[in-house]
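To start, the structure under review is shown below, and the notes come after it.
The values are calculated or read from the model by the stated rules, or taken from the named source; none is laboratory data. If you're wondering where the values come from, they're calculated on a predicted model, not measured in any experiment. Here the Cβ positions follow ideal geometry from the backbone for every residue, glycine too, while neighbour counts run over all protein chains shown. Protein only, heavy atoms only, side chains kept; ligands, DNA and RNA dropped before computing areas. Shrake-Rupley method; radii C 1.70, N 1.55, O 1.52, S 1.80 Å.
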Amino acid sequence: MKHRSPGNKSFRKIEYVYIILCIIFFLAGSFLLKELYLINGTAELSGFRISSYTLRGIIMQLQMLISVYLTLRERKTGFFAALVLNIYSFFSLMIFFIKYMSTEPFPGFLYYFGVILIISLINNYKRKKDDYLKEIETQSRILEEAEKKLHHMAFYDSLTHLPNRDLFMDRLEHAIYKAKRTATLIGVMFIDLDTFKTVNDILGHTAGDQLLKHVADRLTSILRKSDTVSRFG
C-alpha cells in the first residue's frame, strides 16, 4: 500500500477543483450552443453585433481548449472527464438534429469527433511517454545494481566478502601516505591458518569454506570500522 502524505491529498483536492470548474464551463458552453443553434442571424453583445456562427465557433474552440487542458494537465481523470464531455456534446447535437431535423449541427459532429480523436492521441502519447520513463528508470536501476555487483566482484572476496588483495594494497598505500604526512604509525598483521589443508582434506572444502567465513567474521567483529581485514588467498 502506497503512503500518501497530507501534501499529496491537498494536491489531489486542488486537481479535482480544477476538473469540476472545467466541467462547469464546458457544460455552460454546451447549453449556450443549444440556444445559438436556434438563432439564425446575429446577436448583440456590448454594442457589437456578432454572428451566431461566430459565437458558436468561439465557444467550441474554448471547449476544445478545456478538453486539451484536462487531458494534458489532470492525468487520467482529466482525460476521462474530457472524453465524457465531448461524447455528451456529440450526442446532444444528434438529439438536436433528430428533434428539429436541422443540418446546423453537422459541423459540430465533425468538430467533437475531431476533438475526441485529438485528446485520445494526446492521452496515448502521455501513456507511452510514461512507459518509456518507467523503462528508463528500470534500466538505470539495473545498471546501477550491475555496477555495484561488478565493483564487489573486482574488489571483494567472493567467499568471505572481505576486501581482496587489490583493495587492501590500495588502502595500505593511502594509509602509508597519511602516516607520513601526520608523522604517525600504522600496523599491518599477516595471519595464516596452520594445517588448513588438513581441514580441507579430512572434512572437505565445504567445511574449509565455513572455517574461513567464521574466522573472517570473528576478525571483523573485534576490529574498528576504520581498520581493514582482507583475504589475500
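Residue by residue, here is whether (1) modelled with pLDDT under 90; (2) among the charged types (D, E, K, R); (3) open to solvent by 60 Å² or more (accessible area, probe 1.4 Å) holds:
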{"residue": "147", "(1), (2), (3)": "no, yes, yes"}
{"residue": "192", "(1), (2), (3)": "yes, yes, yes"}
{"residue": "197", "(1), (2), (3)": "yes, yes, yes"}
{"residue": "205", "(1), (2), (3)": "yes, no, yes"}
{"residue": "222", "(1), (2), (3)": "yes, no, yes"}
{"residue": "231", "(1), (2), (3)": "yes, yes, yes"}
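On inspection, residue 173 does not qualify as part of a helix (DSSP H, G or I) and open to solvent by 100 Å² or more (accessible area, probe 1.4 Å).
Would you please name the residue that is nearest to residue 128 (Cα to Cα), looking only at residues in region 70-84 that are open to solvent by 50 Å² or more (accessible area, probe 1.4 Å) and at pLDDT 85 or above? Among those that are open to solvent by 50 Å² or more (accessible area, probe 1.4 Å) and at pLDDT 85 or above, it is 80. Taking only region 42-69 into account, find how many residues are modelled with pLDDT of 70 or more and hydrophobic (A, V, I, L, M, F, W, C). Here the count works out to 9.
Open to solvent by less than 100 Å² (accessible area, probe 1.4 Å) and either in contact with a helix residue (DSSP H, G or I) (Cβ under 7 Å, 6 or more places away or on another chain) or not in a loop (DSSP other than H, G, I, E, B) (or both): does that describe residue 187?
Numbers: open to solvent by less than 100 Å² (accessible area, probe 1.4 Å): yes; either in contact with a helix residue (DSSP H, G or I) (Cβ under 7 Å, 6 or more places away or on another chain) or not in a loop (DSSP other than H, G, I, E, B) (or both): no.
Answer is no for this residue.
Checking each residue in region 101-116 for being in a helix (DSSP H, G or I) and open to solvent by 70 Å² or more (accessible area, probe 1.4 Å) picks out 106, 107, 110, 113. Within region 212-226, residues that are farther than 19 Å from residue 199 by Cα sit with their Cβ atoms under 6 Å from residues that are hydrophobic (A, V, I, L, M, F, W, C), at 6+ positions apart or across chains, in these pairs: 219/229; 220/229.
Give 158, 230 a once-over and let me know the one that is in contact with a strand residue (DSSP E or B) (Cβ under 8 Å, 6 or more places away or on another chain) and part of a loop (DSSP other than H, G, I, E, B). Can you show your working first?
Working: 158 fails: in contact with a strand residue (DSSP E or B) (Cβ under 8 Å, 6 or more places away or on another chain).
Among 158, 230, only 230 is in contact with a strand residue (DSSP E or B) (Cβ under 8 Å, 6 or more places away or on another chain) and part of a loop (DSSP other than H, G, I, E, B).
Close contacts from region 52-63, counting a first residue that is open to solvent by 70 Å² or more (accessible area, probe 1.4 Å) and a second that is not aromatic (Phe, Trp, Tyr), with Cβ to Cβ under 8 Å and a gap of 6+ residues or different chains, come to 62/29.
Of the residues 119, 98, 87, the single one that is at pLDDT below 90, among the β-branched types (Val, Ile, Thr) and open to solvent by 100 Å² or more (accessible area, probe 1.4 Å) is 98.
Here is a yes/no grid of residues against (1) closer than 22 Å to residue 217 by Cβ; (2) among the small types (Gly, Ala, Ser):
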residue: 123; (1), (2): no, no
residue: 135; (1), (2): no, no
residue: 158; (1), (2): yes, yes
residue: 161; (1), (2): yes, no
residue: 170; (1), (2): no, no
